[in-house]
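K.L.:
Have a look at this one before I ask anything.
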Amino acid sequence: MWPVIGREQELGAIQGALDDPDRRGVVVVGSQGVGKSRLAHEARVRVRAAGRACGWAAGSRSAAIIPFGAMAGLLPDRFAALPHDNPLELLRQAPAVLDDLPAGTGTGTAAPAPPPVIVVDDADLLDDVSATFVHYLAVRDLAKVLLAVRSEGLPPDLITVLWKDELIERIELDPLDPVSTTALLETVLDGRLDPISFRRMWQTTGGHPLFLREVVQGALGDGSLRRHHGVWQWDGGLPATGRLMELFRTRLAAEDPRCCRVLELVACGDALPVWLAERLVGRASLEVAERAGFLEWATDTEVATLAFAQPVYREVLLATMPPSRRREACGQLAAALLEHGTGTPSQLVQIAVWQLAAGTPPDQRGISFAAAARLALLDHDPAMAERLARAALDAERPEALAVLAAALEKQGRHGEVVQLLQSVSAEDDPAMLTLAWASNHYWADKSLLGPPPDLPPALADGSDDPSAGEVAAAEAWVLFFEGWLPQCIEEVRRVLGQSTATLRARTWVATIGAAALGLGGHVGEALCVADLGRSAAQRLGPAHPWGPPEIRWARVLALVTAGRVAEARRLLEAGREPAEATAQVLGMERGFDGLVARLQGDFPAAVRGLREAVALMEQADVYQFLRLWLAELAAALAGSDDAHGAREVFDEARTRDNGTNRVFDPWIALDGAWVCAAEGRLSDAAAHAARAADSARDLGQAGFEVVATFDVARLGRPELVDGRLRDLAAAVDGELAPTCRDATTALVRRDGAELLDCSRRFEALGHHLVAAEAANVAHLILRSARAPLGAGRAAERARRLRLRCPEAATPLLDLRSSHLPLTQREREIARLAAAGRSSPDIARLLDISTRTVDNHLGRVYAKLGVRGRDALAALF
């Protein structure tokens, strides 16, 4: 049985009504699947736990045929001999029924004992005699009653009168809200759903716990709900559970036959305008379906629409409708809306979708599949845009070809775009061809590609043709992701200087320019370019919906590289993408959330965000960011002392390298350094960080070179990078580089006071983890220098900052063995031995011989005056 979550307020109200001497009980009213029965069960458990006698009965259609049938489980055996056609005699025996109720399981209460409680599930299905019995108990105050009633049902009069006369309290039970639904799913699944999967689950079940349980159990059974990197993913297909089908068929069978026709049209229509439904089926049939509780009106839009009160029933109906009936319904819907006219873009798309489902060609009255495909693409539905564009290829080829290429690109299917464009004709738009090729050729599987087409002369010679700016912007994106930042920045500056560049070209080039300039250490210029791009994207509006989030991520990347992580986090929190955004957009959003949280030392948030990013990017990795988010997840796990998990995820990241997106190679190399550190291989970790810094320098990423170089110092080798950071601090914008320079110099000189000042400076930037590390080292240095006042301040600062870095475990936060007279290699081997690793294991990790490990351990034992690994464990 699933737990009860999100119902504490209702449970409290039930308890209050049952304890109220002026009330005779409580009725819980709600739609099918909302959790009335489960709530009644939980209330019954709590009543019995409080020491009160409690009985259970349940109404049903089959039991309603027999007088007193619903109460059969409640009555003692001797009642079987009583004549059921004599309700007065049964009522007279009511006190005897109460005497035989199961006693409470709790310690009980002081005398006099509180009245017993009779719980009746589905009380709207009680037979008249049972209803009379319940009414008699409540009116005579012989027992408190707790009734569960379907809002779609019609209870017997004697049940209804109980709350109409205010003898019992009435509680309306609404579906769970998204927060409670999330909590319930996380409890049941012991993990999170990715945002897209949760959105599908929420849209399908509408927050009804019964339907939620059936969908989850069915999806687990058929494998459509599965866990990856700790995050659950659901493909959205409705599991073919007999329980769901039976629930719907049972309800539908009890209603007027006219319901079926209405429901099929509304299922195919999806948010069907009320006026259109009335035109097709008539007002009377519509009212039948409404009274049955299947449909509800939505009036929060310009035109009132109809939708299923329980969305899961729409999915069940669509899954079970014969294809011929579905085609017929969609054809009727399209024809009816065409008669009304196509006044809005949404109506244009809707008609096209219906005609496509009906298998009919586009109507000649202004309906264009290609135009509808472009609108679907702008509405973040590339799959639907693809279907419509393919249907329009023959009749509307140039426009349909362009939309199809864009729709495939938005789904990350770059190779298919390249293959599609190999079959173009001379009549197709050459600018579109070149732009689509430039946007996809780089990302596609190179084994699928033929030779690229020649650029049209007007574009190849860099003329003032407006399309030339868009092609140049696409080329700048390739230059950036390939890691050629100087060339990318040059192209960005050239396009932004062109007066003929289109708004789309300026948006694209500013997006990639802000990122490139930030990585290059030109943060001031990067933020100015980002402002230009944001302005262009705002002017484009709905014509380019991807512009604003992409500009924001580029700005975040520039801020992160400059060390301004607090500002980056505020920017992300202020610009949250809507829940209906695509997997690609939400995946990037969660990835940057996790990246910033990791840099700040909030490792639980980092792991959570990056796990979701990985799950989402598995669905739509358009620009090959999955490898980066996997590596960042590995670094976050390493930072929280999960060495095994970090290595496993990092090894997977390395398998995702397809030869593109080289710009983040230094980032991934640095993530690998922290995985080594979590494994206790500090020498290797520092060497990996140094190689990451060298790679950043070779790619022109001076801004990131600062980060990687300082990490060499954080990993135990500040003397190797002291001079290098002095040079970088003079060449890179912002406060991070000089702060890293001063902190590294202070580490080399063991200057506790300077480290304490650097801790304050790091904290001001939002780098809580590095600030905590600096304060921790400052504390140890000042304490050994017998400076108690400074050491106390440093210790308090370190303690406070550590609270902002939950689960953090980095070398500079764990310096308990720093006072031991060991070399760095001896300390490294001693730590691994203290952790329980054997000498051969240590040799494999550090790539040295077993004899070398044993020799080092011998020297460690001699220096420390200890014998064996158990003694080392106490020291480390």
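K.L.:
Taking the condition among the polar types (S, T, N, Q), without any contact (Cβ under 8 Å) to a residue 12 or more places away in the chain and out of contact with any Leu (no Cβ under 8 Å at 6 or more places or on another chain), does Thr655 pass? Working first, answer last.
P.N.:
Values: among the polar types (S, T, N, Q): yes; without any contact (Cβ under 8 Å) to a residue 12 or more places away in the chain: yes; out of contact with any Leu (no Cβ under 8 Å at 6 or more places or on another chain): yes.
For Thr655, the condition - among the polar types (S, T, N, Q), without any contact (Cβ under 8 Å) to a residue 12 or more places away in the chain and out of contact with any Leu (no Cβ under 8 Å at 6 or more places or on another chain) - is met.
K.L.:
Let me ask something else. Can you name every residue in segment 37-67 that is open to solvent by less than 20 Å² (accessible area, probe 1.4 Å), at pLDDT 90 or above and in contact with an Asp or Glu (Cβ under 7 Å, 6 or more places away or on another chain)?
P.N.:
Within segment 37-67, Leu39, Ala40 meet the criteria.
K.L.:
Next question. Which condition number does Ala131 fail, the rest of (1) within 21 Å of Ala53 (Cα to Cα); (2) touching a residue at least 40 places away in the same chain (Cβ under 8 Å) being met?
P.N.:
That leaves (2) as the condition not met.
K.L.:
Now for a separate question. Do the conditions hold for Gly723, that is, is it within 22 Å of Ala774 (Cβ to Cβ) and surrounded by fewer than 23 Cβ atoms within 10 Å (Cβ to Cβ)? Write out each step before concluding.
P.N.:
On the way: within 22 Å of Ala774 (Cβ to Cβ): yes; surrounded by fewer than 23 Cβ atoms within 10 Å (Cβ to Cβ): yes.
Criteria met by Gly723.
K.L.:
Going by the structure shown, is Glu773 farther than 19 Å from Gly524 by Cα and open to solvent by 20 Å² or more (accessible area, probe 1.4 Å)? Walk me through how you get there before you give the answer.
P.N.:
Values: farther than 19 Å from Gly524 by Cα: yes; open to solvent by 20 Å² or more (accessible area, probe 1.4 Å): no.
Criteria not met by Glu773.
K.L.:
Could you please find all residues in segment 625-656 being touching a Lys or Arg at 6+ places or on another chain (Cβ under 6 Å) and either assigned to a helix (DSSP H, G or I) or acidic (Asp, Glu) (or both)?
P.N.:
First, the residues of segment 625-656 that are touching a Lys or Arg at 6+ places or on another chain (Cβ under 6 Å): 626-627, 636, 653, 656.
Passing the criteria: Leu626, Arg627, Ala636, Ala653.
K.L.:
Exactly one condition in (1) open to solvent by less than 40 Å² (accessible area, probe 1.4 Å); (2) β-branched (Val, Ile, Thr); (3) out of contact with any Lys or Arg (no Cβ under 8 Å at 6 or more places or on another chain) is not met by Val403; state its number.
P.N.:
(3)
K.L.:
Inside segment 593-619, can you point out the residues that are touching a Ser or Thr at 6+ places or on another chain (Cβ under 9 Å), open to solvent by less than 10 Å² (accessible area, probe 1.4 Å) and either closer than 24 Å to Asp711 by Cα or modelled with pLDDT of 95 or more (or both)?
P.N.:
Of everything in segment 593-619, those that are touching a Ser or Thr at 6+ places or on another chain (Cβ under 9 Å), open to solvent by less than 10 Å² (accessible area, probe 1.4 Å) and either closer than 24 Å to Asp711 by Cα or modelled with pLDDT of 95 or more (or both) turn out to be Gly601, Phe603, Ala606.
K.L.:
Starting from segment 483-501, take each residue that is among the charged types (D, E, K, R) and list its partners that are in a helix (DSSP H, G or I), counting only C-beta distances under 7 angstrom and pairs at least six apart or across chains.
P.N.:
Going by the 7 Å Cβ cut-off, the qualifying pairs are Glu491/Ala472; Glu491/Glu475; Glu491/Ala476; Glu491/Leu479.
K.L.:
If Arg783 meets every condition in (1) over 30 Å from Ala558 (Cα atoms); (2) more than 39 Å from the chain's Cα centre (by Cα); (3) open to solvent by less than 60 Å² (accessible area, probe 1.4 Å) apart from one, which number is that one?
P.N.:
(3) is the only condition that Arg783 fails.
K.L.:
Which numbered condition trips up Asp20, out of (1) farther than 16 Å from Pro209 by Cα; (2) crowded, with 20+ Cβ neighbours inside 10 Å?
P.N.:
Asp20 satisfies all of (1) farther than 16 Å from Pro209 by Cα; (2) crowded, with 20+ Cβ neighbours inside 10 Å except (2).
K.L.:
Quick check on segment 189-206. Is at least one of its residues open to solvent by 30 Å² or more (accessible area, probe 1.4 Å) and either within 26 Å of Asp20 (Cα to Cα) or assigned to a loop (DSSP other than H, G, I, E, B) (or both)?
P.N.:
Yes - at least one qualifying residue is present in segment 189-206.
K.L.:
Sticking with this structure for a sec: If the requirement is being within 20 Å of Val565 (Cβ to Cβ), buried (at least 19 other Cβ atoms within 10 Å of the Cβ) and of a type outside the set (Val, Ile, Thr), which of these qualifies: Ala530, Ala510? Working first, answer last.
P.N.:
Numbers: Ala510 fails: within 20 Å of Val565 (Cβ to Cβ).
Testing whether each residue is within 20 Å of Val565 (Cβ to Cβ), buried (at least 19 other Cβ atoms within 10 Å of the Cβ) and of a type outside the set (Val, Ile, Thr) leaves just Ala530.
K.L.:
Please count how many residues of segment 310-338 are under 20 Å from Pro175 (Cβ atoms) and either surrounded by fewer than 21 Cβ atoms within 10 Å (Cβ to Cβ) or touching a helix residue (DSSP H, G or I) at 6+ places or on another chain (Cβ under 6 Å) (or both). Walk me through how you get there before you give the answer.
P.N.:
Here is the first cut: in segment 310-338, the ones under 20 Å from Pro175 (Cβ atoms) are 310-317.
Narrowing further to those that are either surrounded by fewer than 21 Cβ atoms within 10 Å (Cβ to Cβ) or touching a helix residue (DSSP H, G or I) at 6+ places or on another chain (Cβ under 6 Å) (or both): 311-317.
So the count comes out to 7.
K.L.:
Moving on. Please verify whether Val622 is in contact with a Lys or Arg (Cβ under 8 Å, 6 or more places away or on another chain), open to solvent by less than 10 Å² (accessible area, probe 1.4 Å) and closer than 25 Å to Ala376 by Cβ, treating the condition exactly as stated. It would help to see each step written out before you state the result.
P.N.:
Working: in contact with a Lys or Arg (Cβ under 8 Å, 6 or more places away or on another chain): yes; open to solvent by less than 10 Å² (accessible area, probe 1.4 Å): yes; closer than 25 Å to Ala376 by Cβ: yes.
Here the answer is yes, as Val622 does meet what is asked.
K.L.:
Among the residues of segment 163-185 satisfying the criterion of being touching a residue at least 24 places away in the same chain (Cβ under 8 Å), among the β-branched types (Val, Ile, Thr) and closer than 19 Å to Pro311 by Cα, which is least open to solvent (accessible area, probe 1.4 Å)?
P.N.:
Quick first cut of segment 163-185, residues touching a residue at least 24 places away in the same chain (Cβ under 8 Å) only: 163, 167-181, 183-185.
In the following step, the residues that additionally are among the β-branched types (Val, Ile, Thr) were identified as 168, 171, 179, 181.
Narrowing the set further to residues that are closer than 19 Å to Pro311 by Cα leaves 179, 181.
Values: Val179: 114, Thr181: 2 Å².
Taking the candidates together, the pick is Thr181.
K.L.:
So Pro738 clears everything in (1) free of Cβ contacts under 8 Å to residues at least 12 places away in the same chain; (2) open to solvent by 40 Å² or more (accessible area, probe 1.4 Å); (3) of a type outside the set (Lys, Arg) except one condition, right? Which one?
P.N.:
It fails just one condition, (2).
K.L.:
Which condition number does Gln217 fail, the rest of (1) touching a residue at least 60 places away in the same chain (Cβ under 8 Å); (2) over 30 Å from Arg627 (Cβ atoms); (3) polar (S, T, N, Q) being met?
P.N.:
(1)
K.L.:
Among the residues of segment 275-300, count how many are part of a helix (DSSP H, G or I) and open to solvent by 10 Å² or more (accessible area, probe 1.4 Å). Before you say what the answer is, go through the steps one by one.
P.N.:
Kept after step one, since they are part of a helix (DSSP H, G or I), are these residues of segment 275-300: 275-281, 283-291.
Now drop any that are not open to solvent by 10 Å² or more (accessible area, probe 1.4 Å), which leaves 275, 278-281, 283-285, 287-288, 290-291.
So the answer is 12.
The values are calculated or read from the model by the stated rules, or taken from the named source; none is laboratory data. What you are looking at is a predicted structure, and each value in this text was computed from that prediction instead of being measured. Please note: Cβ atoms are built from the backbone with ideal geometry, for glycine as well, and neighbour counts cover all protein chains shown. Keep in mind that these areas ignore ligands, DNA and RNA; they rest on the heavy atoms of the full protein, side chains included. Shrake-Rupley method; radii C 1.70, N 1.55, O 1.52, S 1.80 Å.
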